[in-house]
Amino acid sequence: MAALSGCAATSEHAGHGAAPYAGQQSRDIKALSADEARGYAEGAGMGFAKAAELNGYPGPMHALENADALGLTPEQKRAIESLMRAHKTEARELGAEALRLERELDTLFASHRATAATVDAKLAEIATVQARLRASHLKAHIATTALLTPEQVDRYNRSRGYASH
């Protein structure tokens, strides 16, 4: 059997060198790169709000970064800063939860306790947290857009290189 699986692996990866995951076995959470884990921990956007961003819903961080160009009033700036703080707190909490659950999934496999049922249950938990995290990012864009005038939204989109809406 070992000779047979060795042949299969050799023919499958002939000329390709090491397996594509070689070196990743030392990761804390095998399924996540260091950048992905850091993004979860920091509450980073990680592309979770692209549906909003690319369809004319400005995000709070970039709106604040472009406050002068957008002509944000002091009231708008304060409201977006408050929104951003609340969102970041929520995103970091959910990111920490996602990391905890991913670590638990990794442990199921590392301890050789993974079964179809335990994997399904853990993935359902992970999916729920990921959906809540994505929703947090998307809702922050909705709330930011509600604080801006149509002209500011247009300026935002143009400054980001998007077509005007």
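Assorted remarks:
- Only Lys, Arg, Asp and Glu carry charge here, each on its Cβ (+1 for the first two, -1 for the last two); on that basis the chain has a dipole of about 120 debye about its Cα centre.
- Spin-label pair A127-Q25: with each label point 7 Å from Cα along the Cα-Cβ axis, the two points sit 3.0 nm from one another.
- Prolate/oblate/rounded call for the chain, Cα gyration tensor, a/c under 1.5 rounded: prolate
- Shape summary of the stretch 54-96, radius of gyration then Dmax from alpha carbon positions: 11.6, 35 Å.
- Taken along its three principal axes, the alpha carbon spread of the stretch 96-165 comes to 57, 21, 19 Å, from the longest extent down to the shortest.
- Note on the chain: lysine pairs with Cα distance below 24 Å, sequence gap of 8 or more or different chains, count 7.
- Alpha carbon centroid spacing (whole Å) that separates the stretch 87-118 from the stretch 17-59: 14 Å
- Largest first and in whole Å, the equivalent-ellipsoid semi-axes of the stretch 22-86 read 33, 13, 9, each the square root of five times a Cα gyration tensor eigenvalue.
- Derived scalar couplings ³J(HN,Hα) [the stretch 26-39; Karplus, 6.51 cos²θ - 1.76 cosθ + 1.60; whole Hz; x for Gly, Pro]: 8, 4, 4, 10, 4, 7, 10, 6, 4, 5, 5, 4, 5, x
- Cβ-based charge dipole, the stretch 29-159, positive-most Cα from A114, N66, A98: A114
- Shown is the FRET efficiency for R100 and D154, computed with R0 = 45 Å from the Cβ-Cβ distance and rounded to the nearest 0.05: 0.65.
Read the figures in this text as sums done on the coordinates, not as results from a lab. Bear in mind the structure is a predicted one, so any value in this text is a computation, not a measurement. Every residue, glycine among them, receives a Cβ derived from its backbone with ideal geometry; neighbour counts consider all protein chains shown.
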